[in-house]
Each structure stands twice: as structure tokens, then as C-alpha cells.
Amino acid sequence: MTITTAAANKALIAGVGMVKFMKPGTHEPYDIMASNAIKSALADAGIDHGDIQQAFAGYVYGESTCGQRSLYRVGMSGIPVFNVSNNCSSGSSALFLARQAVESGAIDCALAFGFEEMRPAVTTDLWDDRPNPLGHFCDRLSELMHAPDGPMALRLFGAAGTYYVDTYGADPQIFAKVSVKSRRHALNNPYAIFQKPLTVEDVMAAPVVYPPHLTRLMACPPTCGAAAAIVVSAKFARAHGLTNLVEIAGQAMVTDTDAAYNTPLDLIGADMTRRAASQAFETAAVGPEDVDVIELHDCFTTNEVVTYEGLGLCGPGEASRLIEDGDNTYGGKFVVNPSGGLMSKGHPLGATGLAQCTELVWHLRGQAGTRQVDGARIALQHNLGLGGAAVVTIYKNA
């Protein structure tokens with residue numbers, strides 16, 4: 001693939017790889033999952049581990065230097081390895097740093113990888129002897145609305161769903177319809193954990209995990225897995241004769257401002273999403289209407305609904321119409337989460353952002369098999385970590 005003039009100064013994705021995500025207790029150790037994903041990305045790019053000049057490892061649950069442990073299984077070349085922990089956006093944060101290192105001219109070849117070993121259910125804080133980084137969000141939620149007690153993530157995302165329904169008069173079934181859509185997409189993804197079709201009735205009848213609307217089938221499962229991407233400069237790509245390149249046309253990472261306290265939707269990152277998307281679109285010189293395929297952070301289907309609006313796919317309160325018109329799936333304006341998303345593919349925190357990258361690269365190359373979005377030329381990735389960090393990335397064919 002010829003590198004265009006526009007892509008000459010942009011970082012390029014040369015290789016991607018991931019392992020199939022697994023339920024806790026059925027997975028391999030994190031270092032084996034991660035090294036397998038790295039080896040796949042290297043093979044996909046057609047380069048050797050010795051070509052990598054810096055590496056960035058994203059994970060949440062693990063000791064320090066887990067990144068080194070994982071990469072050492074591939075090779076010990078003495079390069080800098082940076083361990084990145086940014087909650088659920090750790091993988092995309094690693095990708096952001098890799099892209100930045102290459103675009104700055106400091107290096108020409110970087111590795112971004114992410115992995116996670118999760119427990120069957122994370123419902124309590126791991127650290128109870130120090131301030132919780134999300135505690136102030138929960139305190140503000142209590143000021144904004146009546147929100148029943150519950151595990152922190154369930155409470156924030158569940159209450160945001162309630163707020164959305166009450167504010168816009170939406171039918172709570174929209175959250176179930178998103179679950180059904182995501183599971184339908186996952187049927188064509190061999191990397192997805194869940195591949196059994198769902199109906200709206202199935203989702204609504206599932207056990208309620210946060211009252212009154214959030215059911216178990218509107219929440220992503222704890223998952224284990226790994227994914228990786230090779231990021232290179234145009235100079236490196238030419239020198240090594242690399243093909244099948246995908247350009248990182250625009251990328252933005254933001255954290256919270258005081259606006260995070262405005263509404264329950266902003267407490268779960270709506271404001272961060274809006275600002276990151278705006279910056280990424282401006283850098284890429286495209287708009288939402290130009291995007292063909294999207295992988296967004298659907299840790300709960302309430303968040304997918306809110307994110308439609310944050311990314312500019314529709315206006316405030318218009319998500320119900322977008323869903324009813326089928327503009328979030330094949331044949332509509334956008335194909336959202338063709339992988340099945342976090343809801344069906346799984347959500348190993350540190351790996352999620354790089355698995356999203358992998359999926360979108362496959363679509364832009366025309367390698368996504370039966371779930372391929374025909375003619376995909378521009379892709380958008382949205383990865384969110386409360387506490388907070390939101391990363392939005394725009395990809396184009398190079």
C-alpha cells in the first residue's frame with residue numbers, strides 16, 4: 001500500500017494482534033496472553049521484536065513491571081518499557097504514548113500492548129486504606145439525584161441510565177436493544193466470548209443489577225485477554241517495505257474538567273467524550289458523518305447510548321431515534337461495535353483499547369471476514385476510563 005502525502009507525517013499501524021478473550025478461570029497467565037498477542041502483531045507487521053525501539057504496556061490489575069515480564073517472553077532487547085495504568089482506557093493510553101513517540105520523531109517503531117487477568121466479579125474496592133479515585137464522583141452523584149447504593153461502576157452507569165430516561169423520556173428498552181444489536185454482531189466474531197443471540201425480552205427479564213433499569217445483560221462481563229499494535233513512522237515503513245498500513249489520522253486524550261460535575265452523564269465521561277471527539281475530528285479533518293465503522297466503550301449499554309451523542313452521531317436525546325432507525329448497525333449510517341463490543345467480546349481492562357484498534361484495522365484492510373463493513377475507509381475508536389481519561393482515535397487507510 002502506497003503511503004500518501006497526507007500520511008507522511010502521521011504514525012501508522014503496521015501490525016495488530018489479539019488473543020481470544022476468556023472468562024476468569026479459563027484463561028492463560030497474563031504474560032503468556034500478552035506475549036502471544038505481541039507475537040501476532042509482529043508477524044502481522046512482518047518485523048522482528050528487535051526492530052521495536054520502545055514499548056508501552058497497559059494493564060490495571062497487576063504488580064509493577066508486568067509489561068517487562070510479558071515482553072521478555074518475546075525477547076529481551078534492552079529497550080525502554082513503560083507500564084501504563086489508566087483504568088479502562090489503559091490500552092488506548094499506551095497507544096497514545098506509542099503514537100506520540102513516533103510522531104515526535106524520537107523513535108520510528110513502537111509497540112503498544114495491553115492485557116488483563118480479572119476476577120469473576122469485581123464488586124468491592126481493592127484498596128480500602130486510601131482515598132478512592134472515584135469517590136468524589138459518587139459523592140457528587142448523591143448531590144445530583146437519588147441513586148441507590150451499589151458497587152461503584154454499577155451505581156455510576158446505572159444512575160446515568162436512569163437520568164437519561166427521565167431527562168429525555170426515553171424507553172428503557174433502548175438499552176436492551178443495544179444489547180441485542182451487539183450480540184447479533186458478535187455472532188460473526190470468533191474472538192467474542194458470547195455468541196448466543198438475545199431478544200429484548202431476554203435482556204429485560206435478566207436479573208436487575210442496578211435498579212430500576214440496568215439488568216445483567218446490559219453489563220459487560222469480567223474478562224481476561226491481551227491485544228497489541230505496532231506503530232511506525234512512514235520512513236520506517238518504506239525502509240522495511242511494510243504494507244497493509246493504517247494511518248492514525250487523529251487522536252486525542254483528555255481528562256476531566258469541572259464540567260464532569262454537571263450531570264450524571266458527565267460523571268460517566270460524556271463531557272470527556274465530547275471534547276476528545278472534537279479534538280480528534282479536527283486533527284483528522286473529518287466529521288462524524290464521514291465515519292464508517294466505530295468501536296466504542298460499551299461497558300454498559302447505558303454508556304453506549306450516551307456515547308452516541310457524545311461522539312456527535314446524533315443530537316442530545318436523539319439516541320432513541322438512531323437506534324430505532326437502525327443507524328447503529330449494518331445498513332445504517334454507522335456500524336457500531338461490529339466486534340460485539342465489550343458487551344459480547346469481553347472487557348479485559350488493559351487490553352480493550354488495543355482490541356478495539358485491532359478490530360478497526362481489520363475492517364480498514366478488508367480483513368474482518370463475515371462482519372466486514374463494506375467499503376470502510378474511516379474508523380473511530382472510543383475508549384473510556386473513569387477517574388478519568390477518554391481517548392478517541394480516528395483511523396484512515398494509509
* To do: Let me see the pair-distance distribution of the chain: every alpha carbon pair, 20 Å bin width, integer percents in order.
  => 31, 60, 10
* Structure fact -> Computed over the stretch 103-217, protein heavy atoms only, probe 1.4 angstrom, the accessible area per residue in square angstrom equals 51
* Structure fact -> Within the chain, the percent of DSSP beta bridges that are antiparallel, given to the nearest 5, stands at 70
* Structure fact -> So for the stretch 183-319, using the alpha carbon gyration tensor with a ≥ b ≥ c as root eigenvalues (a/c under 1.5 gives rounded; past that, a/b versus b/c decides prolate or oblate), I'd call it oblate
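What is the chain's relative contact order, in percent, from Cα pairs under 8 angstrom and six or more apart in sequence? Spell out each step's value before the answer.
Numbers: 946 pairs, mean separation 105.9, N = 398.
Normalised by residue count, the contact order of the chain is 27 percent.
Just the number please: accessible area per residue for the stretch 238-358, 1.4 Å probe, all protein chains included, in Å². The partial results should precede the final answer.
Numbers: 3550 Å² over 121 residues.
Each residue of the stretch 238-358 exposes 29 Å² on average to a 1.4 Å probe.
Note down the net charge around TYR30, summing +1 for each Lys or Arg and -1 for each Asp or Glu among other residues with Cβ under 14 Å from its Cβ. List each step's numbers first, then the result.
Details: positive: ARG69, ARG73, ARG119; negative: GLU28, ASP31, GLU63, GLU116, GLU117.
Within the 14 Å Cβ shell, the charges total -2.
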* Structure fact -> Quick shape check on the stretch 142-262: root eigenvalues a ≥ b ≥ c of the Cα gyration tensor, a/c under 1.5 is rounded, otherwise prolate if a/b tops b/c, else oblate, and it reads oblate
* Asked: Carbon and sulfur: what percent of the chain's accessible surface (1.4 Å probe)?
  -> 50
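With a ≥ b ≥ c taken as the square roots of the eigenvalues of the C-alpha gyration tensor of the stretch 148-188, please select rounded if a/c is under 1.5 and otherwise prolate if a/b is larger than b/c or oblate if it is not?
On the way: a/c = 4.10, a/b = 1.50, b/c = 2.74.
Oblate, because a/c is 1.5 or more while a/b does not exceed b/c.
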* Using the Kirkwood radius built from alpha carbon pairs, what does the Stokes-Einstein equation give as D for the stretch 79-121 at 25 °C and 0.890 mPa s, in µm² per second? -> 214
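The values are calculated or read from the model by the stated rules, or taken from the named source; none is laboratory data. Values in this document were obtained by computation on a predicted structure and should not be read as measured data. Note that each Cβ is placed from the backbone with ideal geometry, even for glycine, and that neighbours are counted across all protein chains shown. Only protein heavy atoms, including side chains, enter the accessible area calculation; ligands, DNA and RNA are left aside. Shrake-Rupley method; radii C 1.70, N 1.55, O 1.52, S 1.80 Å.
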